[in-house]
Amino acid sequence: VTGLTIRHVGECFQWSNGMISKYFKRILAAFTSPRIYAKHVQLPCSDAPTHLYILNNPKFFPFFVDVIGTIDGTHVVCTLAANKRAMS
């Protein structure tokens, strides 16, 4: 989420680079497993337009033209169930 390198994350949490890498791979495998991915990731329709932020940003558009995935509008649902949320 932060875009930090493994070395920076390791320094922040006082863990070795190898340990950070090991757990990053485990978390990545968990989020891409069919059980979680199929339930929480919704791909956009094939005729869905590319978001204007991507079209107008030279960092993204030339590299992600015609790509289907997170960069072009895939929605990942990330909320807690109502019974698990804290009362405010």
- Yes/no for PRO34 being more than 18 Å from the chain's Cα centre (by Cα) and either loosely packed, with under 12 Cβ neighbours inside 10 Å or modelled with pLDDT under 70 (or both): no
- Note on the structure: Of the residues in the range 37-48, those that are over 30 Å from ALA81 (Cβ atoms) and either hydroxyl-bearing (Ser, Thr, Tyr) or surrounded by 11 or more Cβ atoms within 10 Å (Cβ to Cβ) (or both) come to SER46
- Message: Regarding the range 11-19, can at least one residue be identified that is open to solvent by 100 Å² or more (accessible area, probe 1.4 Å), farther than 27 Å from ALA81 by Cβ and either in contact (Cβ under 8 Å) with a residue 60 or more places away in the chain or outside any helix (DSSP H, G or I) (or both)?
- Response: yes
- Query: So which residues in the range 51-88 are part of a loop (DSSP other than H, G, I, E, B), modelled with pLDDT under 75 and among the polar types (S, T, N, Q)?
  - Reply: THR74, THR79, SER88
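The values are calculated or read from the model by the stated rules, or taken from the named source; none is laboratory data. Since the model is a prediction, treat every value here as computed from it, not as a measurement. Using ideal geometry, Cβ is built from the backbone for each residue, glycine included, and neighbour counts are taken over all protein chains shown. Surface areas here come from the heavy atoms of the whole protein model, side chains and all, with no ligands, DNA or RNA. Shrake-Rupley method; radii C 1.70, N 1.55, O 1.52, S 1.80 Å.
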